1. Looking at (1) surrounded by fewer than 20 Cβ atoms within 10 Å (Cβ to Cβ); (2) more than 16 Å from the ligand (Cβ to nearest atom); (3) touching a residue at least 24 places away in the same chain (Cβ under 8 Å), find the lone condition where L164 falls short.
2. Within the range 170-189, how many residues turn out to be within 16 Å of the ligand (Cβ to nearest atom) and either part of a loop (DSSP other than H, G, I, E, B) or exposed (fewer than 15 other Cβ atoms within 10 Å of the Cβ) (or both)?
3. Picking from A129, A109, which residue would you name as being buried (at least 16 other Cβ atoms within 10 Å of the Cβ) and in a helix (DSSP H, G or I)?
4. Identify all residues within the range 62-80 that are in contact with a helix residue (DSSP H, G or I) (Cβ under 9 Å, 6 or more places away or on another chain) and assigned to a loop (DSSP other than H, G, I, E, B); write none if there are none.
5. Just one of the numbered conditions (1) more than 21 Å from R215 (Cβ to Cβ); (2) of a type in the set (K, R); (3) touching an Asp or Glu at 6+ places or on another chain (Cβ under 8 Å) is not true of R179; which one?
6. Pairs only if they're at least six apart or on different chains, beta carbon under 7 angstrom, first in the range 220-244 and hydroxyl-bearing (S, T, Y) and modelled with pLDDT of 95 or more, second more than 8 Å from the ligand (Cβ to nearest atom) and in a loop (DSSP other than H, G, I, E, B); list them, first residue then second.
7. May I ask you to say which residue of L76, L122 is under 19 Å from S218 (Cβ atoms), in contact (Cβ under 8 Å) with a residue 12 or more places away in the chain and not aromatic (F, W, Y)?
Amino acid sequence: MDERSIELRSNLAAVRTRIEDAALAAGRADRPELIVVTKYFPAADVLRLHRLGVTQIGENKDQEAAGKAAEVAETLHRDATRSGPPPRWHFIGQLQTNKANSVVRYASAVHSVDRIKLANALAKAHTRATAEHDDVADPLDCLIQVDLRQPAQGDGRGGTAPELVDQLAETIAAAQGLRLAGLMAVAPLGEDPGAAFERLAILHQELLAQHPEARMLSAGMSQDLEAAVAHGATHLRIGRDVLGERQYPG
Ligand SMILES: *Cc1c(COP(=O)(O)O)cnc(C)c1O
């Protein structure tokens, strides 16, 4: 095992221990799933994580993710020493409608559906991709990203306002090729994440009352995973505490 794999293994173990401790502290019988966010890190790291048993990968930019997913798929296909299914790709970033065609080709879940127009674009893209491949693809898991800022800013960056969740949920649930999978949010800056995730948990309960299949609650990043676990997160999106600090270009 190379040095980087040893580092990733040790970081993963530490994160898994934190998740376990948080779940025990919250008295949860279930365990949230770990999505490792690999943005700004190369396909080689995704392949190392895959060997270490990571099955779910998160990315936030289509251009970067599309290339990486292709490279990972190609290597897994070619390298006979690798076993196990390919990772499941979760798209977690802001998404323009013109990227829908690309995203549906590698992602099995989109956590950042924040408007009806995007839901419609994803449905159309998924239907088209399925027809081209002439097979019966799984529907695309769609999570509604909720803006937890108070008041919601409606600036197209932080998700949909809480009062618009219902309408968007109906659109997704009715769309061919999409499956309404749950809610996603990022804790707002400058607020206790526990308070924000508590509001998110209430919104999730309300959504579940109408759509019992929408079980995913995607919340919690490196800094606030404990608060998210305490408030019922089913999927955690962890980047830097597994991979290290990101080197932003420029
Ligand atoms: C980058 C990112 C994460 C991971 O954040 P870390 O602080 O690196 O754990 C989670 N969610 C979203 C939406 C992200 O863009």
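1. Of the numbered conditions (1) surrounded by fewer than 20 Cβ atoms within 10 Å (Cβ to Cβ); (2) more than 16 Å from the ligand (Cβ to nearest atom); (3) touching a residue at least 24 places away in the same chain (Cβ under 8 Å), the odd one out for L164 is (3).
2. 5
3. A129
4. D79
5. (1)
6. Hits for this filter: T234/P32; T234/R215.
7. When all the criteria are applied, what remains is L122.
One line per residue, one yes/no per condition, for (1) over 12 Å from L183 (Cβ atoms); (2) more than 9 Å from the ligand (Cβ to nearest atom):
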{"site": "R199", "(1), (2)": "no, yes"}
{"site": "E206", "(1), (2)": "no, yes"}
{"site": "Q210", "(1), (2)": "yes, yes"}
{"site": "S222", "(1), (2)": "yes, no"}
{"site": "V229", "(1), (2)": "yes, yes"}
{"site": "H235", "(1), (2)": "no, yes"}
{"site": "I238", "(1), (2)": "yes, no"}
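The values are calculated or read from the model by the stated rules, or taken from the named source; none is laboratory data. Because the structure is a prediction, the values reported are computed rather than measured. Every residue, glycine as well, gets a Cβ built from its backbone with ideal geometry; the counts of neighbours run over all protein chains shown.
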